[in-house]
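Input: a single structure, listed below in structure tokens.
What follows draws every value from the coordinates through simple rules; no lab data is involved. Because the structure is predicted, anything quoted here is derived from the model rather than measured. Ideal geometry is used to build each Cβ from the backbone, glycine not excepted, and the neighbour counts take in all protein chains shown.
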Ligand SMILES: Cc1ncc(COP(=O)(O)O)c(C=O)c1O
């Protein structure tokens, strides 16, 4: 018998303490608890509950036989469709050459951080992934803390102050609005002022607008591209607004001025994944067209999300949390700090302990604010209000008239029952002595 080989664990130091993504992790943990027989309400992972619209699924079926490797930057027809939409919606000139397709915008963001040399700058709370990606690449990370009083927005004053005092000149600033985790979107005035500051400091902005089409008020989403076209990379995808997270397709649109970054990223993609699943790219062409059924779909998904978000936010507020009604997406970010004394008296000192106790005692999963780079002892948490049957809710919304009116509590208690129940459990737990 040959001797057993012992391998030493020579992990790249940048990945030494890398934990699985918090959102995917909570989902797996909930699945395990469910297998043990517990009925867990899952408000941890932010996944759209709505089905992919039928005509887009049919496109995928139609193109399943497309078996060739795609071009690294994406198939031309899809890049043209995205450029057309971008031109007509944002009024900014661009062509298929400015568009880059990736297997999810997450991977494009990783490759962007790899391709661009300078540090990452993010406001907190922030989406869980930007900072771990930077850490994996050994990049410097700078953060700007926001507050509930400022609606968790990065303010132009704070950005200006950062730029004035930072020793480093260039940064990649990532803005995400409507935001994961807060559900809030940047006011148009802020966008304008942030654009001016970024221009003055030659800062590149990645504008993560993956929740744009879920904005709860139709027509209100505005992009910073409008104010800073030459320095903004626009990021979007299929995962949130049309429920196709598992299809893995994301897109960046670059300004002409950043063509060098686009080209470098394209070369990197050609060495990493060779591009994005070809049939999915063909199917995605349909999702970037102006179609009545897409308009109807987004009208009703935003109606369900907006009505539910407002209702749950009011419930959480009544339980004592600091919270603002969301503008888009499917997240709430309550701050239970006003209940700090009570939480302390129960031996709870961090948002992580708070969420662990809520899960243990109410079978409801949410994520602690610390995962979003908030201070560990601040009692914030993210609630992803998506544990309901989106297909049923969508159909029921279409049958509820007039379509311009919000859906009432009765509707939400029937069609979003598990989510309403989960938030009720959290509120009851908070009110307990
Ligand atoms: C803010 C934000 N950006 C980007 C992504 C990544 O989306 P995808 O890689 O599916 O395009 C997500 C997904 O959770 C997100 O919440």
Pull out the extension gain between residue 391 and residue 404, defined as 0.36 nm times the separation in residues minus the alpha carbon to alpha carbon distance; nm, one decimal. 2.7 nm
Cα gyration tensor, segment 251-407 - rounded (a/c under 1.5), prolate or oblate: oblate
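With a/c under 1.5 counting as rounded, go ahead and sort segment 31-181 into rounded, prolate or oblate using the C-alpha gyration tensor (a ≥ b ≥ c being the square roots of the eigenvalues; past the cut-off, prolate if a/b is larger than b/c, else oblate).
oblate
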On a C-alpha basis, how far is the centre of segment 1-80 from the centre of segment 89-120 in Å? Whole number, if you could? 20 Å
Alpha-carbon centroid distance for the pair segment 295-354 / segment 398-433, whole angstrom: 12 Å
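So how much slack lies between residue 166 and residue 64, counting 0.36 nm per residue of separation and subtracting their Cα-Cα distance, in nm?
Taking 0.36 nm per residue and subtracting the Cα distance, the gain is 31.7 nm.
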By what distance, in whole Å, do the Cα atoms of segment 38-78 stretch along each of the three principal axes, largest value first? 45, 24, 17
Within a 10 angstrom radius of the beta carbon, how do 429, 247 rank from fewest other beta carbons to most? 429, 247
Along Cα→Cβ, 7 Å out, is where each label goes; now give me the distance between the ones at residue 144 and residue 12 in nm to one decimal. 3.0 nm
Mean separation of Cα contacts under 8 Å (6+ apart) over length of segment 242-379, as relative contact order %: 13 percent
Rounded, prolate or oblate, given the Cα gyration tensor of segment 317-433, with a/c below 1.5 counting as rounded? prolate
First measure r as the distance between the Cβ atoms of residue 199 and residue 363, then evaluate 1/(1 + (r/R0)^6) with R0 = 45 Å and state the FRET efficiency to the nearest 0.05. 0.35
May I have the extent of the alpha carbons of segment 55-110 along their three principal axes, as whole Å values ordered from largest to smallest? 35, 29, 18
So how compact is the chain: Cα radius of gyration and Dmax in angstrom? 21.9, 77
Extent along principal axes [Cα atoms of segment 346-398; Å; largest to smallest]: 45, 24, 12
Going by average Cβ density within 10 Å per residue, which order do the peptides 293-301, 347-355, 178-186 take, highest to lowest? 178-186, 347-355, 293-301
Based on the Kirkwood radius over alpha-carbon pairs, what value in µm²/s does the Stokes-Einstein equation return for the translational diffusion coefficient of segment 372-433 at 20 °C and 1.002 mPa s? 154 µm²/s
